Every structure is written in structure tokens, then in C-alpha cells.
Amino acid sequence: MRGARAQPNTGSKEGINSSKQQKKKKEITIDSFCTGNEQRANETEGEDPAKEKSEIPANWIQALEELKMKFKTQLRESEDNWEKNLKTKISHLETENSVLKAKINQLENEAKEMKDEAKQMKDEVKKMKDDLQRKSDQKEKDDQKTKDEIQSLRTRIQQLESSDLTRQQDTIKQNQKNEKIEENMKHLIHKTEDLENRSRRDNLRIIGLPEDHDKRKSLDIILQEIIKENCPEILEQEGKVEIDRIHRSPPVLNPQLTTPRNVIAKFKNYHTKEKILQAAKKKSFRYQGTTVRITQDLAASTLKKRKAWNTIFWKARELGLQPRINYPAKLTIFLQGKVC
């Protein structure tokens, strides 16, 4: 690398020295040429004028002098141009020399960087090798631990498989017991619901009665007035119907509800209750200009089941299918006089 740098400098110096020597040689030649001409001119002046005039014409001497001056001028111009070109070439050589130096420095820096990178890569490779060795050792330990755990699990699986048959048999027996318990529960729920409905067989539910009337009159008197206004033929000899008890349901008013609470009335005579219910099915009952609806009082579970039929019930009524909900919550449809 250093030898490559030294060669451009030596060549440039030798070129400069040779150019200077050639310039000096040319200057000596010109001076000697001019001096020789002057000497020849002086020698001619020392000779006989008559002889000169006879040998060389005067216009030739003048032309020769002009030619000599023109030649000197051209020589000076060529020397100046040659010197300028030489300087330009020298500057180019110096510029190229500096560029070569910069490239050499750059290559040296790159070589240094590559050397550092190679060293760094060597360190990284060594580190990776150590890491791989450490991971390999750890993997062997983990594999051995996994094998031990697998063996332990196999032992436990064998123990579980040995007892699985017994558990399956116990599960089958328990499922059979659960099914029987569920059947009993359904039967008991049905019985309880039936008993609750039967305990309400003497009750009627009045829907839509405004609660403002409760502030002026008792519910007992309001019920008597409803019966007297809508079905007076049901009234007994004393002009009223015997009632065991009457109340609002639920007992506590919820301020968020916008509809009035239902009224539940328990009659002492089942037949009287049935007459009022049949009359309510034939026409709508009213009380002081307000329409009230009277239905059979049933358990909450039965009412929920009947409510599930509402959409189908009203759609069947629109189609003229004469739907009817039988006790406790069974939908019946009449089509052309026949039950479907």
C-alpha cells in the first residue's frame, strides 16, 4: 500500500524536472540562435557595403528581420502555452495524487473496519457456541425431567384407568337416581301447582281497576258496585255478594309501575264466582266509565305458561281459528267446529 503511494509522487517529480530541462534547452537554443544571427549581422556589417549590396538585396534583409521577430514571438507564445499546459498537467497529477491518497486512506479504514468486524464476529460466534452448549446441557436436563414426569403420569393414568370402570358404574347409578329424582320433582311441582290453583278456585282477579278509587271506598264496596253495575242478576237477596277477603296484589305499591295493581277477591260461594266469571266472558265489565277485566285467579307459574301462548293465541284469533286456553295452560284451536 505504501509503495503504491510513493510511485505517483516520484513520477510527477521526474516529469517536472524533465520539463524544466527541456525548457532550459529550448531557451539556450533560441538565445544562441538570436546571438548567432546578430553575430552574422555584425560580421556582415563589418564587410564591405558595396559587396553586401551586391550580394543580398535590402528587402530580403528586412524580410529576414521581420521573419526573425515573428519567429521569436511565436516561440515565446509556444513556450508560454507549453508552460501553462505543463502546469495544468502538474495540477491534474497532484489532484489525482490527492484522490489516490484519499482512496488509499479509505481502503485502509475499510480494511481496519473489516478487521474489527471479523474480530467482533469471531467473539459473537464464540459466545453463540457457548450459549448453544449451555442450552444443550439445559435441554438434556429438561428432557430427563420430562421423561420422569411422563413416567409418573403413565403410572397415574394406569391407576385412573383401573378405577375408571368403577366410577362409570357409580355414575350410571347416580344418573339413574338423578333422573328418578327429576321425575319426582316434576310430579311434585305439577302437584304443587295444581294444589295452588285449586286453592284459588274461589278467587277472581280484577285487572285495570284504578287505585284512586281505594282512597274513597273500600275494595269490598267497589266490587259490590261492579257486580251491581254489570251483572245485577247475580246479587243475592240482600243485594250483595258474600266475600271472604279482597286485596291488591302485590301488597306494596311500586312507584315505577304505570299500571294499577290487580285486585284479588275470594268468594265464599264457588258458584257465585263462576256466574260472575261467565258473565265477564260474555261482555266487558265497566266501573265508573273505566273498563275492567275479570279473570280466574291462578298460580304465578300457570300465568307465566299461559302468557307464553299470547302471541300464538292472538294470531290464531286474527285468522278466525277460535283459540282457547284450557286449564291449566293448554292451547286448544277450533277449526270448522272441530278441535285441532
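Which percent of the accessible area of the range 299-339 is formed by carbon and sulfur heavy atoms (probe 1.4 angstrom)?
Ligands and nucleic acids excluded, carbon and sulfur reach 59 percent.
Could you provide, to the nearest whole Å², the per residue accessible area of the range 299-339 with probe 1.4 Å?
Per residue, the range 299-339 has an accessible area of 79 Å².
Given charges of +1 on the Cβ of Lys and Arg and -1 on the Cβ of Asp and Glu, with all other atoms neutral, how large is the dipole of the range 201-297 about its Cα centre, in debye to the nearest 20?
Here the size comes out at about 280 debye.
Given H placed 1.01 Å from N in the peptide plane, which residues other than close sequence neighbours of Val292 have an amide H under 5 Å from its amide H?
Under 5 Å from the amide H of Val292: Phe285, Arg286, Tyr287.
Taking all protein chains in place and a 1.4 Å probe, what share, in percent, of the accessible surface of the range 148-290 do carbon and sulfur account for?
50
Please list, in order along the range 276-292, the HN-Hα scalar couplings obtained from phi with the Karplus expression 6.51 cos²θ - 1.76 cosθ + 1.60 (θ = phi - 60°), rounded to whole Hz, x for Gly and Pro.
For the range 276-292, the Karplus-derived couplings read 5, 5, 5, 5, 5, 6, 7, 8, 7, 7, 10, 9, 6, x, 10, 7, 10 Hz, x marking Gly and Pro.
Using a 1.4 Å probe, what is the accessible area per residue for the range 71-170, in Å²?
I get 93 Å² per residue for the range 71-170.
Exactly which trypsin sites (Lys or Arg not before Pro) in the range 197-297 are in a DSSP loop and have at most 12 other Cβ atoms within 10 Å?
Hits after loop and neighbour filter: Lys217, Lys268, Lys283.
What does the accessible area per residue of the range 197-248 come to in Å², with a 1.4 Å probe and no ligands, DNA or RNA counted?
In whole numbers, the range 197-248 has 59 Å² accessible per residue.
Is the shape of the range 201-297 rounded, prolate or oblate, going by the alpha carbon gyration tensor and its root eigenvalues a ≥ b ≥ c, with a/c under 1.5 for rounded and a/b larger than b/c for prolate? Let's see the in-between values first.
Values: a/c = 1.62, a/b = 1.53, b/c = 1.06.
In terms of gyration-tensor shape, prolate.
In debye, nearest 20, what is the charge dipole magnitude of the range 299-339 about its Cα centre with +1 on Lys and Arg Cβ and -1 on Asp and Glu Cβ, if you could check?
140
With unit charges on the beta carbon (Lys/Arg positive, Asp/Glu negative), name the residue among Thr259, Asn184, Val241 whose Cα is farthest towards the positive pole of the charge dipole of the range 138-277.
The residue sitting most towards the positive pole is Asn184.
Among Lys282/Lys338; Lys101/Lys122; Lys217/Lys282; Lys240/Lys275; Lys228/Lys330, which pairs are too far apart, with a Cα-Cα distance over 24 Å?
Those over the limit are Lys101/Lys122; Lys217/Lys282; Lys228/Lys330.
The values are calculated or read from the model by the stated rules, or taken from the named source; none is laboratory data. On a predicted model such as this, the values are computed, not experimentally measured, just so you know. In this analysis, Cβ positions are derived from the backbone assuming ideal geometry, glycine residues included, and neighbour counts consider all displayed protein chains. Just the protein is used for accessible areas: all its heavy atoms, side chains included, with ligands, DNA and RNA removed. Shrake-Rupley method; radii C 1.70, N 1.55, O 1.52, S 1.80 Å.
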